[in-house]
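*Asks:* Have a look at this one.
The values are calculated or read from the model by the stated rules, or taken from the named source; none is laboratory data. Computed from a predicted model, the values in this text were never measured in an experiment. A quick note on method: Cβ atoms are made from the backbone with ideal geometry, for glycine too, and the neighbour counts reach across all protein chains shown.
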Amino acid sequence: MKRLHINGARGVTLLGFSLVAVVFGVAFNSPLAVIPPAPAGLVALDALIPLQWWGLVWYLAAAFLFVGAFRQDQSKSMALFAGLLAVWAISYAGATLTAPTPRLTSLFGMQTVIFGGLLTSCLGVARLLNAPPVDISALRKRVHATEGEQDHGTGT
Amino acid sequence: MGPELSMDLLKTALTIAGGVAAAALTGWLTRKSQKESAHITALTNLVDQLQEEVVRAKGDAKQVPMWRRYAQKLRSQIYKLGGEPADADPDLEL
């Protein structure tokens, strides 16, 4: 049976992101959920299907991220997570500008920063290069050993 | 359709368009990074193979003086037996 390996540094980050996505899922769709008023960009969607049910998409993203952590191609799970983060960040940013009370402005502003910050880190992680699957220290030792032999052979 | 509903729909459309753009950008950046990772892996493996080749070639090179000494011994043996050893190829550096 093929052993499962977390695919590089990005894979480890994807596992962390999947936990974050589960927390968002719990925040929007669980017995513990405290549903905030629908932000500006999601009012039409909220009227169609309540925000609580859109929260289920976070669980889906969490599952995608968890599976993506072990896969060679991690672009699809990253894309879904980034897309969701952007939707919520843009939506809350719009709501911050039009919030009727200072308390809501502060609440929506904080949400914008949280989702925007996570989106920024998501873009950073997307440019992360996974290390090659070789024993670099053993390779380096061998290169040094060969160089040492060459120096010895030429008398330098 | 009231103006308020049209505004809500417009805002939702803009929000979702932003989400799709972010998803596309992230997917593209991830694929680009994965391609670069694959190149680095291929280059590292190539260096690894080259090192192995160098070690093997050095081992082979160590055999050459021993072969030369053996050939000289064989030639002197042939002379002692009164024979004439075959000429080496003109290109061969002894």
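*Asks:* Given the conditions (1) polar (S, T, N, Q); (2) assigned to a helix (DSSP H, G or I); (3) within 25 Å of B:Leu29 (Cβ to Cβ), and given that A:Thr105 satisfies all but one, which numbered condition is not satisfied?
*Replies:* Condition (3) is where A:Thr105 drops out.
*Asks:* Right, something else. Just name the residue that is nearest to B:Lys35 (Cα to Cα) out of those in the stretch A:102-120 that are within 11 Å of another protein chain (Cβ to nearest Cβ) and either surrounded by fewer than 19 Cβ atoms within 10 Å (Cβ to Cβ) or at pLDDT below 90 (or both).
*Replies:* A:Thr120
*Asks:* Go through (1) within 23 Å of B:Lys11 (Cβ to Cβ); (2) touching a Gly at 6+ places or on another chain (Cβ under 8 Å) and name the single condition A:Pro102 misses.
*Replies:* Unmet for A:Pro102, out of (1) within 23 Å of B:Lys11 (Cβ to Cβ); (2) touching a Gly at 6+ places or on another chain (Cβ under 8 Å): (2).
*Asks:* Can you list the helices (runs of 4 or more DSSP H) found entirely within the stretch A:1-100 that contain at least 1 residues being of a type in the set (Phe, Trp, Tyr) and closer than 26 Å to A:Ala131 by Cα?
*Replies:* Of the helices (runs of 4 or more DSSP H) lying wholly inside the stretch A:1-100, those with at least 1 residues that are of a type in the set (Phe, Trp, Tyr) and closer than 26 Å to A:Ala131 by Cα span A:8-28, A:56-68, A:75-98.
*Asks:* Please indicate, with yes or no, whether at least one residue in the stretch A:130-148 is surrounded by 16 or more Cβ atoms within 10 Å (Cβ to Cβ) and at pLDDT 65 or above.
*Replies:* yes
*Asks:* Another question, if that's okay. I'm trying to understand the selection: among the residues of the stretch A:58-91, which are over 20 Å from A:Ala126 (Cβ atoms) and more than 10 Å from chain B (Cβ to nearest Cβ)?
*Replies:* Within the stretch A:58-91, A:Tyr59 is the sole residue that qualifies.
*Asks:* Something else now. If a residue must be of a type in the set (Gly, Ala, Ser), within 11 Å of another protein chain (Cβ to nearest Cβ) and crowded, with 16+ Cβ neighbours inside 10 Å, how many such residues does the stretch A:38-57 contain?
*Replies:* Residues meeting the conditions: 4.
*Asks:* Mind checking which pairs have a first residue in the stretch A:1-30 that is free of Cβ contacts under 8 Å to residues at least 24 places away in the same chain and a second that is loosely packed, with under 13 Cβ neighbours inside 10 Å, Cβ under 7 Å, 6 or more apart or different chains?
*Replies:* A:Val26/A:Leu32
*Asks:* Please determine, by comparing only the residues of the stretch B:1-54 that are closer than 30 Å to A:Asp46 by Cα and either among the charged types (D, E, K, R) or in contact (Cβ under 8 Å) with a residue 24 or more places away in the chain (or both), which one is farthest from the other protein chains (Cβ to nearest Cβ).
*Replies:* So the residue we want is B:Glu4.
*Asks:* When you scan the stretch B:18-46, how many residues do you find that are loosely packed, with under 14 Cβ neighbours inside 10 Å and within 15 Å of A:Ala93 (Cα to Cα)?
*Replies:* The number of residues fulfilling the criteria is 0.
*Asks:* So B:Ala17 fits all but one of (1) at pLDDT below 90; (2) over 33 Å from the mean Cα position of the chain (by Cα); what number is the exception?
*Replies:* The one condition B:Ala17 does not meet is (1).
*Asks:* Which of (1) closer than 19 Å to A:Leu85 by Cβ; (2) buried (at least 20 other Cβ atoms within 10 Å of the Cβ) is the odd one out, the single condition A:Val26 does not satisfy?
*Replies:* A:Val26 satisfies all of (1) closer than 19 Å to A:Leu85 by Cβ; (2) buried (at least 20 other Cβ atoms within 10 Å of the Cβ) except (2).
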